[in-house]
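Structure record follows, encoded as structure tokens.
We did not get these values from a lab; they are worked out from the coordinates using the rules stated. Since the structure is predicted, the reported quantities are computational estimates derived from the model, not experimental observations. Heads up, the Cβs are rebuilt from the backbone with ideal geometry, glycines too, and the neighbour counts pull from every protein chain shown.
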Amino acid sequence: MLAWDRPLSPSAAIALAMAVTGSTVQVGAAASQAFRFYDKTTGDHFFAADAAEAAHIQATLPSLLAEGSPWATPDKGADTTDVLRFLDTSTGEHFFTTSTGERDNILSGLPSCHYEGVGFQAYAAEGAAGTEALVRFYNADTGQHRFALSYEAASIRQGAAGSGWVEEGKAFIVQTDLHTIAA
């Protein structure tokens, strides 16, 4: 039996149920929109690149508000990298990284973090037309991470998201020109 210091957020409960039942997060065969949700309970954001997962969240988790599709994920290919997804079972927060070194450090040093596998793909290098690196921020007060496009990052740096946010650098590269997504 598992125990948590506080109740899991709805997004964490779904992710934990998927982990317990053996469900996996799959990257689709075509470039697909990423769906962003705001968790009214925790103040965190959750990203899903799987349309079925996003639809399930919208249908069953009223505390998660759909914020749209701010960017897209590329097809898996020679020019992409895996974006690894974790669930911190003590906080209910999700964390994403492309770094296998960071993944290994989390697995060996943070027992409350459950590795959920590959969440989606990102571009391996910057420079392709219609792409942008998301900037990762860490909030030293809340322990949350936020992933932001350049215009959002500028607002966070100016304090629009509240205090305690520390910029950690580029997280991963996504497609921002949503008009070029294959139908």
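When you count, for each residue, the other Cβ atoms within 10 Å and take the mean per peptide, how do 67-77, 122-132 rank with the highest first?
Values: 67-77: 17.3, 122-132: 14.6.
By packing density, highest mean first, the sequence is 67-77, 122-132.
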Most packed first (mean Cβ within 10 Å per residue), the peptides 102-112, 167-177 order as 167-177, 102-112
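Stretched out fully, how many nm does the piece from residue 110 to residue 150 gain, at 0.36 nm a residue minus the Cα gap? Kindly include the intermediate steps, with their values, before the conclusion.
Values: separation 40, 0.36 × 40 = 14.40 nm, distance 2.97 nm.
That works out to 11.4 nm of additional length.
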Two pseudo-spin positions, 7 Å from Cα along C-beta at residue 78 and at residue 41, lie apart in nanometres by 4.5 nm
